[in-house]
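Novice: Before I ask anything, here is the structure I am working with.
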Amino acid sequence: MARDLVAHNRPVFDHLHPNVYMSAVALVAWFAVSAWVFFDRGGDISLSLVFITVLFFIAIAIPALLALLWRKYRMPHQDHPHELSFHDWKSGDLVVWGARLHNMHAAIDVLLPLMAVAFGLTAIGIVFAIVSATT
């Protein structure tokens, strides 16, 4: 029987680090760029790519604007005295619906689906470009 050590005195957070959000935005941008680069063959597909790009832009812009408004108009008792480094954040725990999850596991859980679709579309696009070039 294995004994799991419980790390006491770990900081507990209720939010993700801004670097996780920036990574998510970068992965969504990677997805949109790879769709345009590999699958824009002109004609009717360009219209679909424009709609998908606008959808992604709106999905990123609305939470970003809400975060900026929240940061500008936060209450005086909600001020953070200093910004937390990613190194300090990743050593703590994240409270999610009453449970505690290690911060790095939470970041992986958030970013893994985005990485799968961004890298998967890039791989499919590379194979599509190779096949279309050889035929």
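Each reported figure results from applying straightforward, stated rules to the coordinates on display, with no laboratory input. Not measured: the values here are computed from a predicted model. Counting neighbours? That spans all protein chains shown, and the Cβs are built from the backbone with ideal geometry, glycine included.
Novice: State the percent of C-alpha pairs, over all pairs in the stretch 58-110, separated by a distance greater than 17 angstrom.
Specialist: Working: 820 of 1378 pairs.
Taking all Cα-Cα pairs of the stretch 58-110, the fraction more than 17 Å apart is 60 percent.
Novice: Treating the angle as unsigned and between 0 and 90°, give the value, to the nearest 10°, between the Cα long axis of helix 18-39 and the longest Cα principal axis of the chain.
Specialist: That works out to roughly 10 degrees.
Novice: With each label point set 7 Å from Cα along the Cα-Cβ vector, what nm distance links Leu47 and Leu68?
Specialist: In this crude label model, Leu47 to Leu68 measures out at 3.2 nm.
Novice: Okay, moving on. Please compute the length gained on full extension between Phe119 and Phe57, using 0.36 nm multiplied by the number of residues separating them and subtracting their Cα-Cα distance. The partial results should precede the final answer.
Specialist: Details: separation 62, 0.36 × 62 = 22.32 nm, distance 1.91 nm.
Working it through step by step, the gained length comes to 20.4 nm.
Novice: Could you give the angle, 0 to 90 degrees to the nearest 10, between helix 103-134's Cα long axis and the longest principal axis of the Cα atoms of the chain?
Specialist: 10
Novice: How high is the relative contact order of the chain, in percent, counting Cα pairs under 8 Å that sit 6 or more residues apart? Write out the running numbers ahead of the final one.
Specialist: Values: 82 pairs, mean separation 59.1, N = 135.
44 percent.
Novice: Starting from the 7 Å offset along Cα-to-Cβ, what nm value, one decimal, do you get for the label separation of Asp88 and Val127?
Specialist: About 4.6 nm separates the two model spin labels.
Novice: To one decimal place, what orientation-averaged projected area in nm² is obtained for the convex hull of the Cα set of the chain?
Specialist: 13.5
Novice: Same structure again: I need the calculated FRET efficiency for the pair Thr135 and Val37, taking r as the beta carbon distance and R₀ as 25 Å, to the nearest 0.05.
Specialist: Numbers: r = 19 Å, r/R0 = 0.78.
My answer for the efficiency is 0.80.
Novice: Still on this structure, please answer the following. Going by how many other beta carbons lie within 10 Å of each one, how would you line up His87, His105, fewest first?
Specialist: Details: His87 8, His105 12.
Listed from fewest to most nearby Cβ atoms, that is His87, His105.
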